[in-house]
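Have a look at the structure below, then the notes.
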Amino acid sequence: MGASWFDYDNDGYPYIFLSNAAQSELYHNNGNGTFTLISNTNVGGQSNSLFAIPFNANNDAYIDLYVANDFNENNFLLLNQNGNGFTEDAVEYGVEDPFDGMVHILQLPSMALLPTKQLKDLERYML
């Protein structure tokens, strides 16, 4: 299981994404020390997820997720839809990586990648 903190809807509160082999989940920070499971974001499902890297993949104002999966399952690139959920676009951008993804490290000079179509080179930034 992995845990990643990021503000997915730009409200100023960090949310938590739990990567899990059974079910990955995103929890909304209520701003009062409590969290609520968000069920309508398209981040769940059984995928043997081990770790997620929050970063701005497409240079918009919203943080996206690259999710590493294990047991020969493709990794996910979850593109944030303006704080209203995510779409899975790893195949479209050529970063699905069907190998066991125990952990990935993203090394970038900033939180944003180069132009969107250069996401095909994302693996070059990972160890």
(request) Residues being among the charged types (D, E, K, R), modelled with pLDDT of 80 or more and open to solvent by 80 Å² or more (accessible area, probe 1.4 Å): count how many of those fall in region 71-127. (result) 1
(request) Looking for whichever is modelled with pLDDT of 75 or more and farther than 15 Å from Leu18 by Cα here; the options are Ala52, Ala68, Ala61. Which one fits? (result) Ala61
(request) Assess whether Tyr15 counts as being open to solvent by less than 10 Å² (accessible area, probe 1.4 Å) and modelled with pLDDT of 90 or more. (result) yes
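The values are calculated or read from the model by the stated rules, or taken from the named source; none is laboratory data. These numbers were taken from a predicted model, which means no experiment stands behind them. The protein model used for the area step is the full one, side chains on, heavy atoms only, and it has no ligands, DNA or RNA in it. Shrake-Rupley method; radii C 1.70, N 1.55, O 1.52, S 1.80 Å.
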